[in-house]
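Below is one structure, written out as structure tokens; comments come after it.
The values are calculated or read from the model by the stated rules, or taken from the named source; none is laboratory data. None of the values given here were measured: they were computed from a predicted structure. Using ideal geometry, Cβ is built from the backbone for each residue, glycine included, and neighbour counts are taken over all protein chains shown. Ligands, DNA and RNA are excluded from the accessible area calculation, which covers all protein heavy atoms including side chains. Shrake-Rupley method; radii C 1.70, N 1.55, O 1.52, S 1.80 Å.
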Amino acid sequence: MTPASTSSTTGLSFPRLLLTGAAGGLGRVLRPRLKALCEVLRVSDLVPMDAAGPGEEVVRAALQDQHAVRSLMQGVSAVVHLGGISTEHAFEEILPANIVGTYHVYEAAREHGVPRIVFASSNHVTGFYTQRETVNPQMPMRPDGYYGLSKAFGENLAQFYFDRYGIETVSLRIGSSFPQPTDRRMLASWLSYDDLERLVVAALTAPVVGHSVIYGMSDNRLTWWDNATSKHVGFRALDSSEPFRVAIEAQQAPLDPSQPATMYQGGGFVTKGPIVALVPLVPLVPFVPLVPSESLLPSMPPVSSVPLPPGG
Ligand code: NAI
Ligand code: 15L
């Protein structure tokens with residue numbers, strides 16, 4: 001996408017950017033940083049936000065209110081969509097904010113001819129991969145809860161709106177974006193605020209993205225994610241969790257590797273519900289019945305209840 005004009009201070013200027021979720025942790029970080037990229041920044045949230053500064057418009061709206069989201073999109077050149085429930089909750093709570101709400105954002109973008117959306121997805125789209133695996137955006141999703149499922153829906157929505165309507169999206173599978181990493185898991189998943197800004201700016205300004213998916217992580221020494229297929233987005237992380245390692249390891253005892261929250265990338269999110277099958281910590285191979293005789297099929301248990309053979 002081509003920004004409409006350039007400014008001498010930032011080199012970039014979108015006529016009007018929309019930031020949803022502006023009252024949240026990342027919304028408050030990005031609000032002043034995105035203002036530098038646009039002539040008008042429209043910020044929105046369900047809850048009250050700071051008053052409008054110069055070149056800002058503040059609009060309270062519930063994402064599940066289609067009429068309100070349609071109005072939000074008027075005159076917008078690109079969207080950074082952060083709004084929604086950001087942790088695991090009951091499906092009934094996730095549904096209006098994250099699933100219906102994200103649908104409203106894409107529908108309104110289509111109606112108003114908005115060409116690009118940066119979608120705050122999450123690492124919890126693949127939270128049920130183990131911490132011993134390296135995951136890339138082309139691997140199947142393995143959401144670790146209803147929250148992760150809602151982000152998986154959002155990514156699929158983004159792909160659909162690109163394939164059908166040509167609206168471009170970069171889906172950011174954000175790791176853990178906080179002022180600093182605070183536990184051992186975050187040594188792998190941390191995304192600094194400055195790297196978050198670099199990621200969002202790259203996602204807004206890369207020339208051609210179609211629907212691209214990229215993990216949002218700093219240049220951490222330990223990583224579970226491989227962004228090699230997303231180089232065209234042009235994101236380069238400059239921070240790292242490494243300077244925090246000594247302090248974190250001194251504060252937090254080594255974790256028990258047999259515990260689900262340590263075993264899986266989603267950490268504590270995977271323990272928000274029952275876990276019926278702990279996957280073995282070896283590469284998985286597809287299960288193939290040893291005797292594929294049709295005469296056996298009626299008496300075979302459903303595939304989902306067939307136990308994995310030892311080691312595979
Ligand atoms: P947050 O929970 O602090 O902010 C989310 C904002 O969305 C809140 O201000 C909330 O009022 C608003 N919101 C919730 N339901 C809404 C609704 N129905 N209508 C309108 N607004 C609504 O979350 P945070 O940390 O700022 O994250 C921003 C986005 O990035 C979220 O979509 C989150 O899922 C995603 N993300 C964040 C990560 C992180 O490490 N902070 C990691 C992975 C993804
Ligand atoms: C997320 O998706 C959440 O929004 C954030 O609050 C963190 O829990 C983060 O994932 C994480 O995995 O650390």
Quick one: go through segment 162-180 and flag any residue whose amide nitrogen is under 18 Å from the point 7 Å out along the Cα-to-Cβ line of R245. 180
K231: which lysines have alpha carbons under 18 Å from its alpha carbon, excluding same-chain residues fewer than 8 sequence positions away? none
How charged is the neighbourhood of E249? Take every other residue with its Cβ under 12 Å from the Cβ of E249, and add Lys/Arg as +1 and Asp/Glu as -1. 0
What residues have an amide H closer than 5 Å to that of E56, excluding those fewer than 5 places away on the same chain, when H is modeled at 1.01 Å from N in the peptide plane? L41
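Can you send over the carbon and sulfur percentage of the accessible area for segment 82-139, probe radius 1.4 Å, protein chains only?
Using a 1.4 Å probe with all protein chains present, segment 82-139 comes out at 51 percent carbon and sulfur.
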Setting aside same-chain residues fewer than 8 positions from K272, which aspartates and glutamates have a Cα under 17 Å from its Cα? E88, E92, E93, D144
Quick check: the distance between the Cα centres of segment 48-97 and segment 204-272, to the nearest angstrom? 26
